[in-house]
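Visitor: Got a structure for you, questions after.
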Amino acid sequence: HAALANLTQTLEDAFRRVLVGYMDAWRRNTTAQQEALQARVDAENFYYVILYLMVMIGMFSFIVVAILVSTVKSKRQEHSNDPYHQYIVDDWKQKYKNQILSLEEARATVHQNLGAAGFKTSP
């Protein structure tokens with residue numbers, strides 16, 4: 001009975017070693033394939049991340065440049081030699097002074113109504 005238990009224990013240990021060794025080898029092989037596949041997927045994902053960032057940065061740069069160009073163009077048109085802008089830039093102070101002076105002169109001029117004062121205005 002002790003020999004049979006010892007034989008059973010020996011067979012169990014041998015079977016366990018074979019099965020565990022086979023499973024470890026299979027897992028190592030599968031793990032190596034998975035690691036190679038994961039490395040390839042990671043490289044492709046990294047490539048697509050770089051491509052995505054390049055596209056986003058390019059679009060952002062295009063929008064910023066378009067806004068800058070339109071702003072510079074509008075400023076250039078604003079400072080052109082059109083008469084309206086020249087009036088605003090150069091002449092508005094003088095025009096304002098002239099208007100104030102003409103209003104003061106109009107107030108200073110007293111109009112007499114000779115009919116109200118009792119004078120006859122008939123010939």
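Read the figures in this text as sums done on the coordinates, not as results from a lab. Not measured: the values here are computed from a predicted model. We place every Cβ from the backbone using ideal geometry, glycine too, and count neighbours over all the protein chains shown.
Visitor: Taking the stated definitions as given, is A25 in a helix (DSSP H, G or I) and loosely packed, with under 10 Cβ neighbours inside 10 Å?
Guide: No: the conditions fail for A25.
Visitor: Could you please find all residues in the range 1-40 being under 53 Å from the mean Cα position of the chain (by Cα) and basic (K, R)?
Guide: Selection gives R27, R28, R40.
Visitor: List the residue pairs whose Cβ atoms are under 9 Å apart, where the first residue sits in the range 46-74 and is surrounded by 10 or more Cβ atoms within 10 Å (Cβ to Cβ), the second is assigned to a helix (DSSP H, G or I), and the two are 6 or more positions apart or on different chains.
Guide: Final answer for the pair search is none.
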